[in-house]
1. Determine the distance separating the Cα centre of segment A:127-147 from the Cα centre of segment B:301-334; give it in Å without decimals.
2. Starting from the Cα coordinates of chain A, work out the convex hull volume and express it per residue in Å³.
3. Given the options A:ARG268, A:ARG191, A:ARG67, which has the most mean-square fluctuation in a GNM of chain A, springs set between C-alpha atoms less than 10 angstrom apart?
4. I'd like the distance between the alpha-carbon centres of segment B:44-115 and segment B:184-247, rounded to an integer number of Å.
5. Roughly how many percent of the accessible protein surface of segment B:250-365 is carbon and sulfur, given a 1.4 Å probe and a whole-percent answer?
6. Mind checking the per residue accessible area of segment A:17-170 for me, 1.4 Å probe, whole number of Å²?
7. Run the helix sum for chain B: -39,500 (n - 2.57) per DSSP H stretch of 4+ residues, divided by residue count, reported at 222 nm to the nearest 500 deg cm²/dmol.
8. In the full protein assembly as shown, how much of B:TRP230 is accessible to a 1.4 Å probe, in Å² to the nearest 10?
Amino acid sequence: MIGREVAWRVFAAEYNSSRLEIKGEGERAPSYIVSPLGAMVNRVFLVGVLTDLDNIGTGDEPLWRGRLQDPTGNFYISSGQYQPEATAALSKIEPPAFVAVVGKTRTYSPEEGTMYVSIRPERVRIVEARERDHWVLETCKATLRRIEAVADAKEMAAPTVDELVKLGHSPLLAEGVVKALAHYQDVDLGRYRAMVVDALKFLLPEYQSEIEAEMPAETSQRPEEIEDEEAAEAADEEKEDKVLTIITKLDKAGKGAPWDEIVDEVKRMGMDKTALEEVTNSLLDKGLIYEPVLGRMKRI
Amino acid sequence: MEKQELAPHVAEISRVLGNKVSEEQIAKELDTYLNLYRVSLETAKRSVVRKLGGDPNALSKGVQKKLSELAGAEQSVDLLVKVLSANRKDIEQNGEVKTLIYGLMADESGSMAYTAWDADRFQLERGQVLLVRNAYTKEWNGKPQLNLGTRATIETQPQDAVKLPEGMDVPIYGPTTAKVSDLQEGMNSVTITVKVLQVETRKIETQEGPKTVYSGTVADETGRVQFSSWHDFNLIKDEVVQIRGGYVRSWRGIPQLNFGERADVQRVKGHFPADVDLSKPRPRSIGELEMVGGAYDVVVAGVVVDVKKGSGLIQRCPQCNRLVQNKLCRLHGKVEGQYDLRIKAVVDDGAGAITAVLNKEITEALVGITLEQAIKDAREAMDPEVVKEKVEERLLAKPIEVRGNVISDDYGLMMIVSEARMFVPEVRGEAANLLSELEGSQ
């Protein structure tokens, strides 16, 4: 039986932190990206606010690129002539709008050891706030299930799929969690729990004022003129790449790289403090880095 | 060992001895070694051959190999394997209907598809550990495939003789106490406590004359399941019984509970289960259903993530009811199709996906369109796709709850929907509860 790939519910912060890809071997074998919490994602379902949308292709060969925001960050989507239904739907949408997307995962590796993830939509639909709220709640529940599975696995000396299934986790998730634990060093569950708490508060009017201050900032700029989509991605992410490398290099004690040292380091490659702030904000948005304590940046 | 099981070994010894000794004599000798002296089959065969003047080395040319070592043209090979799946299939060969078994076998090195060409001789069951002798391989679709033909023999081995890599093994069902939602194809010796919702008798003709089958529906708080019994346990509607020694077989993925005269049925006193209305189907996770392969009368809730081709306004053949495409029926050629409405929607709950098939009545109610209106719309637009677009407008990316029987085929799970409704989820209350749980635990 070849079942259809399930559409995972994953927040942007978790999705964008994925650095492990499992490529299907042989014809038609599906590929997956494995998130730090063990979601083995081939297909996603997400609902968010479409904030940016540009056709960087031509009228005949459209290529739509867009950004969809959820309470934790942004999803990057791109849709061209090979996704006729999604592309036709996107061409009729004027941001901002609540949009639901069913799509496939996509990865981009500008160089060995780095990987960026985006989404290639299959179906796109304008929806209403209540569908978005429902998605946020469902995604909170799904994320908590994954946190629980990772926590269970961390208790085991050598976590196995069978042991996790015995504890009541689904075989698919158990497989992803075992793979994730082998690849990601020390996943910070506290951070993901805090993320779920914030997302739940986002749904409740009594916490609204508290949340607004924490909403992900709209910082990353996309270049206006781009030749093709890979160049577009590369231009924006080249700087981010360099900063990421620097942060990794300066994080000697594992407590994060000191901000002042990062500033000094990027100066040498001709980046000023404002530009650096833009880059780190974008990295924070994507969930690639976080600030364990004030004044320190750490890779996730 | 029974005579029938011995037959292939007798034939092999006879071959080694150049057909000079009668099979009757060989069978008698072999029987003595096996059933009187109780030596292993291999020793018995070698001894018989030696005793009757043959060369024991001529026995079973097969070399024991691992599955990963097999090429596409092995003539004769022995394997120590576990049966991961065993499916029966009827084929027609030279005008005769014959049953074969196909599925997957595995050892430490990997797994391989197999076909056993005689279901009577190889009574393969899922989970068996076997020493297979004299199997051969053939290449199919670029991969070697294992075949158990006329020369092959099987011997059951202890379960721990084959240790499979993690994740590949099949669950072995010993005597289990189960709930209805746990029931899964291949389970034996099941103990289960259920309430009888419905029971009826049917007379059927068998080779041994007419027999009565007792069948119906039973339920517990996890769900409902259809049962059948060849023995009269005098089951009465609404009573609660504990069944010991039931077994599960499935039809197109829907598990069915069976129990025969060897089963034990006891009446259970008291309310059961007090707080659940058993007359209603139980909600299930789609991921769970993917694991068991199907279910009888359940409810699932999820989001419509796709509306498949062949949804909306379709045409059916007036003779066979099959889908008519480009005015052609697959069976009856050019026909005047009759209009119908239906939806094939993919419902996904984040744990699994299922194709829900909705008939005309349910489609009309859900989408708010009649068949007549749909025909009119399609004619006006000169394109039947406008009806599918209307279906998508109403369903896509929205939460839906569907009820029905879940079956499985090559493409995954499918539900024949008996009831469907779009629902507006209650978000805030659940979010607040979840939040206080989380903050309470911190």
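The values are calculated or read from the model by the stated rules, or taken from the named source; none is laboratory data. For clarity, every value in this text was computed on a predicted model and none was experimentally measured. Quick reminder, even Gly has a Cβ in these numbers, built from the backbone with ideal geometry, and neighbours come from all protein chains shown. Just the protein is used for accessible areas: all its heavy atoms, side chains included, with ligands, DNA and RNA removed. Shrake-Rupley method; radii C 1.70, N 1.55, O 1.52, S 1.80 Å.
1. Here the answer is 35 Å between Cα centres.
2. Details: hull volume 47.2 nm³, N = 300.
Measuring per residue, one finds 157 Å³ for the Cα hull of chain A.
3. Ranking A:ARG268, A:ARG191, A:ARG67 by mean-square fluctuation puts A:ARG268 first.
4. Cα centres, segment B:44-115 to segment B:184-247: 37 Å.
5. Working: 2750 of 5970 Å².
That fraction is 46 percent.
6. On the way: 6590 Å² over 154 residues.
Ligands and nucleic acids excluded, the figure is 43 Å² per residue.
7. Values: 8 runs with 84 residues, N = 442.
Value at 222 nm, helices only: -5500 deg cm²/dmol.
8. We get 120 Å² for B:TRP230.
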